[in-house]
Amino acid sequence: MKTVKILGSGCANCRKLEAAAREAASSAGVEADFVKVSDLKAIMAYDLLATPGLVIDDKLVSSGRIPTQAEIRQWLAG
Amino acid sequence: MDSFLRLMNGGAGNLAAYLAAHVLLCLLPAFFIAGAMTALIPKASITRWLGRSAPCRVSYPAAAAAGSLLAVCSCTIVPLFAGIYKKGAGLGPAITFLFFAPAGNILALAYTGSILGAEFALARLVLCLLFGMGIGMLMAVLFWRDDASHDAQTDALFSVQASIGPAATGVLLSLVAVLIAGTLKLWPLTATVGTFNLPIPWVEAWQATLFEWVPFDAAQGEEGVSVQGSLLIVLLLLIGLTAWQGLEDIVEGANRWTWVALGLTVATLLVAAIKLTPGADGLEVALTGRALAVGLALWAVLHQARRLDADAWRAWLWEVWRFVKQIFVLLVAGVFVVGVVRQLIQPQWIHDLAGRNDLLANAVAVVFGVFMYFPTLVEVPVAHMFLDLGMHRGPLLAYLMADPELSLQSILMVASVIGRPKTFAYVGLVAAFSIAAGLMYGAWVDGVGGVWIAIGLAAFVGSLVALLGWLLGRRQALAHA
């Protein structure tokens, strides 16, 4: 069971990222718990310069962009 | 019913004027540049100058550069602001970044220039840059204790090094060339290279129909819809439809519609750059120097973009599309509403309130700017409306400085990062500096010499520093007592 956090204040890119992450998880057959983090202090606990941020099992894997399905699947498998 | 029709006509007329060729020639390239900056400039190439150990003479200009190059939307502004404040160079540069971002980014600059004139855009840029650094430094002096308390934090965030690749630089430079070729009002761009006639018999009737649909009053500075304008509006609608199919999932790769949408964008820019005159025997097409220059610059963009790797150009196109969805739609709605509202405002009111360049007029403009919240870029058509209605350019600049910097939304955001006392100090300083900027620019417009304006600026900064020194002294005296 993976924990996937989406960091962002609810902008267009954050919604897009969440959809991409959910799609990647279901296509890879990985069971994951999705958490949306919109509180600024909680977001800034991670080292990122732009939202949206993608956190998998408490590790920041990407920020400021929307990764491809292949990338997300790889991170979920790792 | 009549007055309702009049209002709708006002909105439609305003929209038509804003979708005119010269606005699109500036706005379309600006969107592509903004997207390229977000996707192709690695943030670390600028943020590495914003670490805690960076000296002031590096960190303040770097903060302004970050505001100008990296921050087009709140996705970057908020985290970068909080990051610089908590983990990097501190409160001063963070404030400079926050203040300069809404005025110094390419979209705001290009749009201000094309609607209100290049001189006004330059005044906005220079004054925001100077005052952004000034306010940042004042905040840093005022709350010096606060930065000391952050020294325990790691600044690993700002130690990453990166630089912009050659292909990305090429794309950015050739996009800027498109923008310049499209907007500069200089020979040989304005020259006509050759003309030919398209035998379309219904074109004159179509122009008459357009004027009938959107009536306008030339005496009030309104513009009607030309044949060229109607063609551009159709092209924009087609871009919207095809981009929806072609760019929504661009991150996973391009499809047929992607290329159609991009082709239509190129066509729009080229149509906007030529001159179309409807006549009795058809449509006269005049090939201008501008059209050739825009075509050449677009070719350069294409040539450079082919050197980008797949991830980079996909991310670039995605960011462009996201900005268009996020900003352009609201901008179109905003321009329509501004056109409607304009019909309701008596020029006399504006003339009485802000027709002169004095302290009261500038203060009124700033207060209006703080309490009104307009979506990104809509502040520009609002400013244009006030200018048409007789507002002096000084208070207009004061409004344009205060409005995007201070809205209820941004004040709440700042408060959640730096706390209330500092937010109040920031809001106060921005209001004071905006009024001062308006007074100075207004004096410049009225023909007052540069020396007097410099003396005024020195007196303003001097009195501010004296006031702060007195405040600090009092506080220290209180602390010792």
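Here are a few things to note about the model shown:
- Net charge of neighbours whose Cβ lies under 14 Å from the Cβ of residue B:273, counting Lys and Arg as +1 and Asp and Glu as -1: +3
- 3J(HN,Hα) from dihedral phi, segment B:326-335, Karplus parametrisation 6.51/-1.76/1.60, rounded to Hz, x for glycine, proline: 6, 9, 5, 4, 5, 5, 4, 4, x, 5
- Only lysines eight or more places from residue A:16 in sequence, or on another chain, were considered; those with a Cα closer than 23 Å are A:2, A:5, A:36, A:41, A:59, B:43, B:325.
- q = 0.14 Å⁻¹: log10 I(q)/I(0) that the Debye formula gives for segment A:2-77, counting C-alpha atoms only: -0.36
- Relative packing of peptides A:46-54, B:277-285 - highest average C-beta neighbours within 10 Å first: A:46-54, B:277-285
- Selection among B:71, B:347, B:400 by position relative to the dipole of the protein assembly as shown gives B:71 as farthest towards the positive end (Cβ unit charges, Cα centre).
- Backbone phi angles across segment B:271-281, fed through the Karplus curve with coefficients 6.51, -1.76 and 1.60 (θ = phi - 60°), yield HN-Hα couplings of 4, 5, 8, 8, 10, 10, 10, x, x, 5, 9 Hz in residue order; Gly and Pro are listed as x.
- Here the protein assembly as shown carries DSSP beta bridges of which approximately 75% are antiparallel, counting only pairs with both residues inside.
- Chain B: relative contact order as a whole-number percent, Cα under 8 Å and 6+ apart: 19
- Total formal charge among the other residues, if their Cβ is under 9 angstrom from that of residue B:395, Lys/Arg +1 and Asp/Glu -1: +1
- Taking segment A:2-77 and dividing mean pair separation by its residue count, relative contact order in percent (alpha carbons under 8 Å, at least six apart): 42
- Considering only A:77, A:40, A:60, and ranking their Cα positions along the charge dipole of segment A:2-77 that arises from unit charges at the beta-carbon of Lys, Arg, Asp and Glu, the one farthest toward the positive end is A:40.
- Net charge of neighbours whose Cβ lies under 11 Å from the Cβ of residue A:1, counting Lys and Arg as +1 and Asp and Glu as -1: -2
- At the listed q of 0.05, 0.11, 0.12 Å⁻¹, the Debye profile of the protein assembly as shown, built from one uniform point per Cα, gives log10 I(q)/I(0) equal to -0.23, -1.09, -1.27.
- Only Lys, Arg, Asp and Glu carry charge here, each on its Cβ (+1 for the first two, -1 for the last two); on that basis segment A:2-77 has a dipole of about 180 debye about its Cα centre.
- Residue-averaged beta-carbon neighbours from other chains (10 angstrom radius) around A:43-53: 6
- Three-way shape call for segment B:339-481 based on the alpha-carbon gyration tensor, with the a/c threshold at 1.5: oblate
- Cα-centre dipole for the protein assembly as shown with unit charges at Cβ (Lys and Arg positive, Asp and Glu negative), debye to 20: 1380
- Segment B:304-333-segment B:232-298 distance, computed between alpha-carbon centres (Å): 16
- Of the three principal axes defined by the Cα atoms of chain B, the extents in descending order read 89, 57, 43 Å.
Bear in mind that the values in this text are calculations on the coordinates, not laboratory data. Only a predicted model underlies this, so the values are computations on that prediction, with no experimental measurement involved. Cβ sites come from the backbone with ideal geometry, for glycine too, and all protein chains shown count toward neighbours.
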